[in-house]
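None of the figures in this text is laboratory data; all of them are computed from the coordinates on show. In this text, all values refer to a predicted model and were calculated from it rather than measured experimentally. Cβ coordinates were reconstructed from backbone atoms using ideal geometry, including for glycine residues, and neighbour counts include every protein chain displayed.
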Amino acid sequence: MGNKSDLYRLQEIDTTWDKVRRRLSQLQNMSGGSEDLKKTRDQVGATESSLGEWQRAQKEAELESYSLTERIEEAESKLMSGEVRSPKELESLQSSIDSMRRHKESLEERSVEAMLKVEELNGSLSTQQGKLSTLEQDWDSKRQTIDDELRQRKKEFVYLKRLREQTVEKLPTADLEQYEHLRRRKNGIAVARLEGDVCNACHMEVPRSVISEAKRGNSTITYCTGCGRILIGG
Ligand SMILES: [Zn+2]
């Protein structure tokens with residue numbers, strides 16, 4: 001048989017090629033790790049950055065409180081020194097000290113709050129890191145399998161591409177165009193094969209005249225009366 005069997009061969013190559021392509025894109029998606037792994041990585045990142053913010057906040061509150069302590073001490077020694085005599089000035093100095101003390105208290109509260117938050121986040125981080133480390137280890141063993149298959153499938157992809165080019169070269173342009181046209185319209189399957197008197201793509205019974213035409217060893221293309229695909233004798 002001439003062109004007809006080449007068309008069927010092309011169909012087989014394309015069907016396999018489609019499968020390989022689908023699997024390749026699946027593997028590509030898998031190669032970044034599981035959803036759980038990605039989520040846990042994100043969680044660890046978010047906890048680390050939040051921890052950093054609270055640590056900075058705690059440090060800032062402590063530094064500010066420290067410098068305020070010095071200023072309060074200065075103001076108090078000025079008050080005690082007897083340098084300031086005017087009642088109005090004394091009153092203003094005292095009120096300034098009171099206000100600094102209140103501010104210092106709120107800073108200390110903020111510092112404690114930040115410290116507790118830091119402790120809490122450190123706890124969460126250690127739990128999340130433990131989970132991440134288990135997931136990463138688990139993933140390491142799977143990644144090897146995925147990478148191996150990915151390499152194998154890429155080889156198959158290249159092999160099928162070459163095989164397709166060789167097969168396409170043998171076909172008349174008109175047949176090839178008809179094939180591509182049907183493949184687009186018929187869900188990727190342009191060529192069907194007869195199984196007894198039934199088309200193996202649409203499972204419809206085919207008239208005797210069409211069967212004998214499909215089985216004839218010439219290059220004339222026969223179409224299934226059921227689905228319109230190119231029909232090849234069994
Ligand atoms: Zn059919």
* To do: Once you have the Cα-Cα distance between Ser77 and Glu195, take 0.36 nm times their residue separation minus that, and quote the gain in nm to one decimal.
  => 31.7 nm
* Asked: In a shell of Cβ-Cβ distance under 12 Å around Ser133, excluding Ser133 itself, what net charge do Lys and Arg (+1) and Asp and Glu (-1) give?
  -> -1
* Out of region 39-92, which GluC sites (Glu not before Pro) are coil in DSSP terms and have no more than 13 other C-beta atoms within 10 Å? -> Glu83
* Structure fact -> FRET efficiency (Arg216, Val158; Cβ distance; R0 45 Å; to 0.05) is 0.80
* Structure fact -> Counting only DSSP loop positions in region 89-198, the trypsin sites (Lys or Arg not before Pro) whose Cβ has at most 12 other Cβ atoms within 10 Å are none
* Structure fact -> Extension length gain for Thr69 and Arg151 (0.36 nm per residue less Cα distance), in nm, is 22.9 nm
* Roughly speaking, what is the centre-to-centre gap between region 1-34 and region 189-234 when only Cα atoms are used, to the nearest Å? -> 23
* Using amide H atoms built 1.01 Å from N in the peptide plane, name the residues 5+ places from Ala201, or on other chains, whose amide H lies under 5 Å from its own. => Arg193
* What ³J(HN,Hα) values, in whole Hz, does the Karplus curve 6.51 cos²θ - 1.76 cosθ + 1.60 give for region 73-84 when θ = phi - 60°, with x put for Gly and Pro? -> 4, 4, 5, 5, 5, 5, 5, 6, 5, x, 5, 8
* For the chain, what's the relative contact order in percent, using C-alpha pairs closer than 8 Å and at least 6 residues apart? -> 30
* Structure fact -> CD proxy, 222 nm, the chain: helix-only mean residue ellipticity via -39,500 (n - 2.57) per DSSP H run with n ≥ 4, per residue, nearest 500, stands at -28000 deg cm²/dmol
* Structure fact -> Sorted by chain and then number, the residues having a modelled amide H within less than 5 Å of the amide H of Thr222, at least 5 places away or on another chain, are Leu231
